[in-house]
Amino acid sequence: MPILTFRPTHTPHPYQSPLMIGVNVWADGDIIGTGWLTRWGDVAEISDLFIAPPYRNLGVGTALIRHLAEIGQSNGAQWVDIGVDEGNSHAKRLYERLGFVAYRIVPAHPQPIIYLRCPIGVLLNP
């Protein structure tokens, strides 16, 4: 895995709110990934997670999810939620491997969204 640096994003999210924190992942002088965290009470929701294709399957997504979970924990969250398109089996397998469990399906177009939840302690203490 490349050496990673996590930095706040300076690109606004289309639904930006004071509860949202964006993080870019840097490696080799480039932004290779991004993700957003929104805190809802004791839940930190990860959204808009993206890793550049050449950096997938190298642990970058796992590192970003754990980094966002650390931010959530430092802001009082006890749970992490993440949504995934029903057809994105690769991402869903990653989330399940990290300890996430599906708990809700939201009908959406073109595919339903599966929401998964994990205790922060499970993510941060593998």
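The values are calculated or read from the model by the stated rules, or taken from the named source; none is laboratory data. These figures come from a predicted structure and were not determined experimentally. Here the Cβ positions follow ideal geometry from the backbone for every residue, glycine too, while neighbour counts run over all protein chains shown. Surface areas here come from the heavy atoms of the whole protein model, side chains and all, with no ligands, DNA or RNA. Shrake-Rupley method; radii C 1.70, N 1.55, O 1.52, S 1.80 Å.
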Problem set entry | Residue that is farthest from L49 (Cα to Cα), among those in the range 96-123 that are assigned to a helix (DSSP H, G or I) and open to solvent by 40 Å² or more (accessible area, probe 1.4 Å) | V122
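Considering only the range 46-57, I want to know if a residue exists there that is out of contact with any helix residue (DSSP H, G or I) (no Cβ under 6 Å at 6 or more places or on another chain), hydroxyl-bearing (S, T, Y) and open to solvent by 80 Å² or more (accessible area, probe 1.4 Å). Lay out the reasoning, then the answer.
Initially, the range 46-57 is screened for residues out of contact with any helix residue (DSSP H, G or I) (no Cβ under 6 Å at 6 or more places or on another chain), giving 47-50, 52-57.
Subset that is hydroxyl-bearing (S, T, Y): 47, 55.
Still in the running and open to solvent by 80 Å² or more (accessible area, probe 1.4 Å): none.
No, every residue in the range 46-57 fails to be out of contact with any helix residue (DSSP H, G or I) (no Cβ under 6 Å at 6 or more places or on another chain), hydroxyl-bearing (S, T, Y) and open to solvent by 80 Å² or more (accessible area, probe 1.4 Å).
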Problem set entry | Hits in the range 16-35 - residues which are open to solvent by 20 Å² or more (accessible area, probe 1.4 Å) and within 10 Å of the chain's Cα centre (by Cα) | T34
For this session: Looking for whichever is touching a residue at least 12 places away in the same chain (Cβ under 8 Å), touching a helix residue (DSSP H, G or I) at 6+ places or on another chain (Cβ under 9 Å) and farther than 16 Å from D42 by Cβ here; the options are V84, V80. Which one fits?
Result: V84
Exercise. Hey, any hits in the range 18-28 for a residue that's modelled with pLDDT under 95 and either in a helix (DSSP H, G or I) or of a type in the set (D, E) (or both)?
Worked result: yes
Exercise. Which ones in the range 36-60 are more than 10 Å from the chain's Cα centre (by Cα), at pLDDT 95 or above and part of a strand (DSSP E or B)?
Worked result: V43, I51
Problem set entry | R66 vs. criteria within 18 Å of P2 (Cα to Cα), of a type in the set (D, E, K, R), in a helix (DSSP H, G or I) and out of contact with any Asp or Glu (no Cβ under 7 Å at 6 or more places or on another chain) | yes
Exercise. When you look at R93, is it within 15 Å of the chain's Cα centre (by Cα) and surrounded by 13 or more Cβ atoms within 10 Å (Cβ to Cβ), yes or no?
Worked result: no
